[in-house]
1. Got a sec? Which of 196, 177, 164 is among the aliphatic types (A, V, I, L, M), crowded, with 21+ Cβ neighbours inside 10 Å and modelled with pLDDT under 85?
2. If you go through region 109-121 one residue at a time, do you hit one that is of a type in the set (Phe, Trp, Tyr) and touching a helix residue (DSSP H, G or I) at 6+ places or on another chain (Cβ under 9 Å)?
3. Any chance region 151-164 includes a residue that's within 22 Å of residue 56 (Cα to Cα), out of contact with any Cys (no Cβ under 8 Å at 6 or more places or on another chain) and either of a type in the set (Gly, Ala, Ser) or in contact (Cβ under 8 Å) with a residue 24 or more places away in the chain (or both)?
4. Check off (1) touching a His at 6+ places or on another chain (Cβ under 6 Å); (2) free of Cβ contacts under 8 Å to residues at least 12 places away in the same chain; (3) among the aliphatic types (A, V, I, L, M) for residue 186 and give me the number that stays unchecked.
5. Could you list all residues from region 148-167 that are closer than 20 Å to residue 132 by Cα and aliphatic (A, V, I, L, M)?
6. Quick test for you: out of 98, 103, pick the one residue that is surrounded by fewer than 24 Cβ atoms within 10 Å (Cβ to Cβ), assigned to a loop (DSSP other than H, G, I, E, B) and within 15 Å of the chain's Cα centre (by Cα).
7. Please determine, by comparing only the residues of region 106-115 that are assigned to a loop (DSSP other than H, G, I, E, B) and crowded, with 16+ Cβ neighbours inside 10 Å, which one is nearest to the chain's Cα centre (by Cα).
Amino acid sequence: MFFVGIAGIVFSSLVIFFLILSPLVRGSYTKLTSPVSNQSPQNLISDKSAEFIRSGPPIRLKIPKINVDAAVEYVGRTSNGKMDIPKSLDNVAWFKLGARPGGIGSSVIAGHYGWRNGKTAVFDKLYKLSKGDEIYVEDEDGSVTTFVVRESRKYDPDADASDVFGSNNGTAHLNLVTCAGDWDEVSQTFSKRLVVFTDKE
C-alpha cells in the first residue's frame, strides 16, 4: 500500500486506497486522485527546504527491531496518477517526487505486506514498531539519518489520510506505509491501512 505525497503541493483531502494482488504476494498501494500542479517538484520546494536539495537520495532502509535491511527503489507516478510500487517483495519504495528522507517535509516510503505461496514481504512486521523505535536511512553519499517513531495509526481504506503527507511545519518526517487487518477475498483488499509516523532525530 502506498501513499503519494509531494512537499509544497496541495492535495485533495480524500485519499482512496486500493490493493493489487501479484502472483506472489498480496501487496497493495494507495491511489491518490489529486490536482497536482504542472510545476516541477524543484520549483515547489521552499527556501526552508534547501536540505531537500543537498541530501542524497536514499539507498537503504534499516529497522533493527523488525530485522528490516532493505534496498530502496525510486518510484514516481503511474500514468493514472498512482504512486508506483517496488518491483521486489524485499525492497521498499521511496516516492522520488516528494521530500527526500531527512529533508523538510514528509517523505513517504512504502512496502509490501502479506504473503502467498510461502513468500514473505518487507513490511510484514511493521505493526510491531512502537514509540521510540529507531529507523535508519542511508543515502548514496554514505550518510545515515535517524528517525524515531512517534506513533502508528490505522486507517479504513476510504479514510481521509491527508495528514500522512501534509506536513508543512518546517521539520523532517518519514512516514512508512503498508496494509494491515484481515484479507477480504470478495473485495480483494485488506481491511485496514497502517501508517508509522516518524520524526528526524
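1. Values: 196 fails: modelled with pLDDT under 85; 177 fails: modelled with pLDDT under 85.
Exactly one residue qualifies, and that residue is 164.
2. Step one: list which residues in region 109-121 are of a type in the set (Phe, Trp, Tyr), which gives 113, 115.
Then drop every residue that is not touching a helix residue (DSSP H, G or I) at 6+ places or on another chain (Cβ under 9 Å), which leaves 113.
Yes, that holds for at least one residue.
3. First, the residues of region 151-164 that are within 22 Å of residue 56 (Cα to Cα): none.
Looking for residues that are within 22 Å of residue 56 (Cα to Cα), out of contact with any Cys (no Cβ under 8 Å at 6 or more places or on another chain) and either of a type in the set (Gly, Ala, Ser) or in contact (Cβ under 8 Å) with a residue 24 or more places away in the chain (or both), one finds none in region 151-164, hence no.
4. (1)
5. Result: 148, 149, 164.
6. On the way: 98 fails: surrounded by fewer than 24 Cβ atoms within 10 Å (Cβ to Cβ).
None of the others qualify; the one that does is 103.
7. Top of the filtered list is 111.
Residue-by-condition table, conditions (1) touching a Gly at 6+ places or on another chain (Cβ under 7 Å); (2) small (Gly, Ala, Ser); (3) not in a helix (DSSP H, G or I):
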{"position": "120", "(1), (2), (3)": "no, no, yes"}
{"position": "127", "(1), (2), (3)": "no, no, no"}
{"position": "132", "(1), (2), (3)": "no, yes, yes"}
{"position": "142", "(1), (2), (3)": "no, yes, yes"}
{"position": "146", "(1), (2), (3)": "no, no, yes"}
{"position": "151", "(1), (2), (3)": "no, no, yes"}
{"position": "158", "(1), (2), (3)": "no, no, yes"}
{"position": "163", "(1), (2), (3)": "no, no, no"}
{"position": "176", "(1), (2), (3)": "no, no, yes"}
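The values are calculated or read from the model by the stated rules, or taken from the named source; none is laboratory data. This one's a predicted model, so the numbers in the text were calculated from it and none came from an experiment. Cβ sites come from the backbone with ideal geometry, for glycine too, and all protein chains shown count toward neighbours.
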